[in-house]
1. Taking only pairs six or more apart or across chains, which ones have beta-carbon atoms under 6 Å, a first residue in the stretch 155-171 that is among the hydroxyl-bearing types (Ser, Thr, Tyr), and a second residue that is in a strand (DSSP E or B)?
2. Of everything in the stretch 1-15, what is out of contact with any Gly (no Cβ under 7 Å at 6 or more places or on another chain) and assigned to a loop (DSSP other than H, G, I, E, B)? Give them in sequence order.
3. Taking THR81, is it modelled with pLDDT of 95 or more, more than 24 Å from the chain's Cα centre (by Cα) and among the β-branched types (Val, Ile, Thr)?
4. For the stretch 50-65, give me each residue that is assigned to a helix (DSSP H, G or I) and either touching a Leu at 6+ places or on another chain (Cβ under 8 Å) or farther than 17 Å from ASN108 by Cα (or both).
5. Looking at the structure I just gave you, is ALA18 modelled with pLDDT of 95 or more and part of a loop (DSSP other than H, G, I, E, B)?
6. Where the second residue is in a loop (DSSP other than H, G, I, E, B) and hydroxyl-bearing (Ser, Thr, Tyr) and the first is under 30 Å from ARG262 (Cβ atoms) and lies in the stretch 21-49, which pairs have Cβ atoms under 7 Å and are six or more apart or on separate chains?
7. Return yes when PHE29 is among the aromatic types (Phe, Trp, Tyr), within 24 Å of SER197 (Cβ to Cβ), in contact with a strand residue (DSSP E or B) (Cβ under 7 Å, 6 or more places away or on another chain) and not assigned by TED's automatic domain parsing to the domain that holds PRO146 and no when it is not.
Amino acid sequence: MNGAKIALLENRAADQLANLIRRYGGQPFCAPALAETPDIDAAHISSLLQDWKIRPAKVVIFQTGVGAKALFETTDVLGLTELVLRLLSESLVVARGPKPTAVLRSRNVRIDRCAKEPYTSAEVLDALASVALKGERVIVQRYGEPNVELDKRLQARGATVIEIPTYRWAMPANTQPLAELMEALAGGEIDAVAFTSAVQARNLFAFAERFNRTESLGNDLNKTLVASIGPVCTRMLEKLGVGVRLEAHPPKLGPLVQALDRALSEIGRVE
């Protein structure tokens, strides 16, 4: 990367991503654009489990590792983990990607279907293509917000969808790094920006809107190398008017950094 300055909007894996950038010779500019706030109500979980006992769910979908972990930690406190494991054993369990898969395996949960890369809602639905859902209940572990696309598609197939909220996405408490990022972008000090979730992009533009700077932010981003972790993130950026120059394949941090390294090397050779 030859000392290129890479803006990172990642929060949870910020240190890991920053270290990867340094390993490839880049300079990370960390400006978290997302905070994960716990949003799990023990009383609600207890009530949901009692209802689940009476009215079995045919399918249970785990979308994230963080959410799956939060659910089990809550049932541990409630003394209901054994019940959850029994109910899961009687349902078809779907994991959206490697992170929820790891959490489920740590609890010895049988996983019946795994979404393929790039682990979007489309792949979850493909994994369920052969499963009859009309008149059935489907439990979905929610991530930072309701997955409207997934819910609608399941409902269109006749399923009743019950969501389990575990955490929600919010703006970081400290937004000073985002303000500094916008100034650095305006000053041409950033060589590339790495987006690792669609919500980061949305939050960055929401922050810029506070200062009537969405148009200038879009222009500044389009003057830099914008990298996306995967198709969902890319679609959000394009919706916001930002051109994505590269997308990680598969959608993981390592391939994202490798793709950035190759792209920046190409730019360096051209210059």
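The values are calculated or read from the model by the stated rules, or taken from the named source; none is laboratory data. All values derive from a computational prediction rather than experimental measurement. With ideal geometry, Cβ positions are generated from the backbone for all residues, glycine too; neighbour counts draw on all protein chains shown.
1. These pairs meet every condition: THR160/ARG137; TYR167/GLU36; TYR167/PRO38.
2. Hits for the stretch 1-15 are LEU9, GLU10, ASN11, ARG12, ALA13.
3. Here the answer is yes, as THR81 does meet what is asked.
4. Within the stretch 50-65, GLN50, ASP51, TRP52, LYS53, ILE54 meet the criteria.
5. Considered against the rule, which asks whether it is modelled with pLDDT of 95 or more and part of a loop (DSSP other than H, G, I, E, B), ALA18 comes out as no.
6. Between residues of the stretch 21-49 that are under 30 Å from ARG262 (Cβ atoms) and residues that are in a loop (DSSP other than H, G, I, E, B) and hydroxyl-bearing (Ser, Thr, Tyr), the close pairs are LEU34/SER197.
7. Here the answer is yes, as PHE29 does meet what is asked.
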